[in-house]
Amino acid sequence: MQDDTLPIWLPRLAVQGGPRFLQIADALQAAVADGSLTPGDRLPPQRRLAAQLDVDLTTVTRAYDEARRRHLLEGRGARGTYVAAPKVELTTVLDLSMNTPPPPDGVDFDDMLKQGLSQVLMRTDAELLMTYHLGGGSDSDRKAGAQWLEPMFGTLDAGQVLVCPGAQAAIAALILALTEPGDVILAEPTSYPGLRTAATQFGRHIIAVPADQHGMRPEMLEKACRQHRPGLVYLNPTLQNPTAITIPERRREELARIAKRCNVRIVEDDPYWLLADAPPPPIATYAPEQVYYISTLSKCLTPGLRVAFVLIRDPQERERFLVALRSFALMVAPLTAALATQWILDGSAAGLMAGVRKEARLRHWMARDILAGRYSGSGDGLHVWLELPGYWSSAQLARAADSEGIAVTPAEAFTTDTTSSGSVNAIRISLGSIKDRGRLQAGLQRLSHLLARRPESFSAAVV
């Protein structure tokens, strides 16, 4: 007689509990975590479990595959499927230094990738995916870009949207297209390091414009524009990297008015707008002819999707931009662009982004609880800017954290004002780069304990 009793580790499947294969995989993971299942335990054959749960065999097969992907199970041929021994970590470093989207809970990324590529290959001639393309993207890619930008701007002319191999390439091409060697670029005192890298390589000079808790100060921007006659102003106005400041709407309008009055162009690098809770309209809405808007997929979806969309209204400047881009990056890889377009048009990108946004907020709650009074974030985005107690310098803390297996980024990495005697005493903590939420928690707790100690006590302990 067949035993229809469910394994003790597997609860009854919930109707509203999400995909059934994920419910089974999650139950397996919970059972391994709490000791109900231990390494070497044999699992029921797939057909028997399917009959016990009253689901089809494919559901159980997918559940076991997902559990193997999580390194929970291992197959032993005809002998069956067993709980795997814990995977040995080859590195103990807890990386809080790289700003990447966290893996969303409940999103089967492997399946999404397979389905997306399958659709691309079904609808596109494979030869077209492996040959040269004109820069700026195909008509379909630009339409997808216009759809991606719709939450920020409403309906757009897809011809004004260009497709680039990532935001860094877009920034570099704009610098080349719109400035000359020796020109000045204005930016906030702490800003995205990639700007400084590109400007230095191209022989441009960055000058810092003072900022406050609301971002770049308009009156100081106007003064700097009249004094230095800059080629560009660079702003990252939403959940700024690294400070996580979002420039309020009124100040965005003021900055746009000054750009018009001083006839200076703004590069609005806005990778986190779609992750923010009710962000203000982009600066480009207030000065569409003065502002070049960049939105990348790598911060909202996944770093490997090296696709960014650039909104440039003027056709002559679009052409100048493409000429500059071709000098170092002829085109987006066609397969990557096609996958991004497929995901945007079929809704997969929106679903993945919603999962990333939800997971990022959960991680911010975790950081707020663990870092207690030191947390000053907004609860959105991928990072926290943590100002340090006076007894730690950011460089000291970064070195101390590194010796304890934690990677963080000190304020010096973001400094644009090289003439200043010192930068803000802070570190950036990235919340998405550690895949497992439990390991992130451990890293934040270890960092919190380190912050509570003084450098001299840490040094004594090391000795």
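The values are calculated or read from the model by the stated rules, or taken from the named source; none is laboratory data. Here the structure is a predicted model, which means the values were calculated and not measured. Cβ atoms come from the backbone with ideal geometry, glycine included; neighbour counts cover every protein chain shown. Heads up: the accessible areas ignore ligands, DNA and RNA and are worked out on the full protein's heavy atoms, side chains in. Shrake-Rupley method; radii C 1.70, N 1.55, O 1.52, S 1.80 Å.
Would you please name the residue that is modelled with the highest pLDDT, looking only at residues in the range 171-197 that are open to solvent by 40 Å² or more (accessible area, probe 1.4 Å) and among the hydroxyl-bearing types (Ser, Thr, Tyr)?
For the range 171-197, the residue satisfying everything is 192.
Mind checking whether some residue in the range 76-85 is in contact with a Leu (Cβ under 9 Å, 6 or more places away or on another chain), among the hydroxyl-bearing types (Ser, Thr, Tyr) and under 29 Å from residue 338 (Cβ atoms)?
no
Please go through the range 305-316 and pick out each residue that is closer than 17 Å to residue 158 by Cβ and open to solvent by 10 Å² or more (accessible area, probe 1.4 Å).
Residues satisfying the conditions are 313, 314, 315.
Restricting to the range 242-292, name every residue that is in contact with an Asp or Glu (Cβ under 8 Å, 6 or more places away or on another chain), without any contact (Cβ under 8 Å) to a residue 60 or more places away in the chain and open to solvent by 30 Å² or more (accessible area, probe 1.4 Å).
261, 262, 286, 289
Regarding residue 207, is this residue assigned to a strand (DSSP E or B), in contact with a helix residue (DSSP H, G or I) (Cβ under 8 Å, 6 or more places away or on another chain), open to solvent by 30 Å² or more (accessible area, probe 1.4 Å) and modelled with pLDDT of 95 or more?
So residue 207 fits the description; yes.
Of the residues 25, 84, which is touching a Pro at 6+ places or on another chain (Cβ under 7 Å), open to solvent by less than 30 Å² (accessible area, probe 1.4 Å) and hydrophobic (A, V, I, L, M, F, W, C)?
Answer to the check: 84.
For the structure I just gave you, tell me whether residue 240 is of a type in the set (S, T, N, Q) and either in a helix (DSSP H, G or I) or touching a Lys or Arg at 6+ places or on another chain (Cβ under 6 Å) (or both).
Spelling it out, it is not the case that residue 240 is of a type in the set (S, T, N, Q) and either in a helix (DSSP H, G or I) or touching a Lys or Arg at 6+ places or on another chain (Cβ under 6 Å) (or both).
Return the pair list, or none, for Cβ contacts closer than 9 Å from residues in the range 183-209 that are under 21 Å from residue 426 (Cα atoms) and free of Cβ contacts under 8 Å to residues at least 60 places away in the same chain to residues that are of a type in the set (Lys, Arg) and open to solvent by 10 Å² or more (accessible area, probe 1.4 Å), at least 6 apart or on different chains.
Hits for this filter: 209/217; 209/223.
Quick grid of which residues meet (1) within 29 Å of residue 446 (Cβ to Cβ); (2) at pLDDT 90 or above; (3) open to solvent by 70 Å² or more (accessible area, probe 1.4 Å):
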| site | (1), (2), (3) |
| --- | --- |
| 52 | no, no, no |
| 56 | no, yes, yes |
| 66 | no, no, no |
| 69 | yes, no, yes |
| 72 | yes, no, no |
| 76 | no, no, yes |
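Only one residue in 394, 430, 423 is among the polar types (S, T, N, Q), at pLDDT 95 or above and surrounded by 16 or more Cβ atoms within 10 Å (Cβ to Cβ), so which one is that?
Every option except 430 fails the conditions.
Please identify the pairs in which a residue from the range 351-365 that is under 14 Å from residue 438 (Cα atoms) and among the basic types (Lys, Arg) has its Cβ atom under 9 Å from the Cβ atom of a residue that is open to solvent by 20 Å² or more (accessible area, probe 1.4 Å) and part of a helix (DSSP H, G or I), counting only partners at least 6 apart or on another chain.
Within 9 Å, the pairs are 363/437.
Taking the condition in contact (Cβ under 8 Å) with a residue 12 or more places away in the chain, touching a Lys or Arg at 6+ places or on another chain (Cβ under 7 Å) and hydroxyl-bearing (Ser, Thr, Tyr), does residue 391 pass?
Yes: the conditions hold for residue 391.
Please pick out the residue among 134, 162, 176, 156 that is in a helix (DSSP H, G or I) and closer than 26 Å to residue 337 by Cβ.
That would be 176, the only listed residue that is in a helix (DSSP H, G or I) and closer than 26 Å to residue 337 by Cβ.
Residue 229: over 23 Å from the mean Cα position of the chain (by Cα) and free of Cβ contacts under 8 Å to residues at least 40 places away in the same chain, yes or no?
no
Being among the small types (Gly, Ala, Ser) and surrounded by fewer than 20 Cβ atoms within 10 Å (Cβ to Cβ) narrows it down to one residue among 350, 360, 337; which is it?
350
Kindly evaluate residue 332 against the criterion of being within 30 Å of residue 175 (Cα to Cα), in contact (Cβ under 8 Å) with a residue 40 or more places away in the chain, of a type in the set (Val, Ile, Thr) and open to solvent by less than 20 Å² (accessible area, probe 1.4 Å).
yes
Being in a helix (DSSP H, G or I), open to solvent by less than 30 Å² (accessible area, probe 1.4 Å) and either of a type outside the set (Asp, Glu) or modelled with pLDDT of 90 or more (or both) is true for just one of 400, 442. Which residue is that?
The conditions single out 400.
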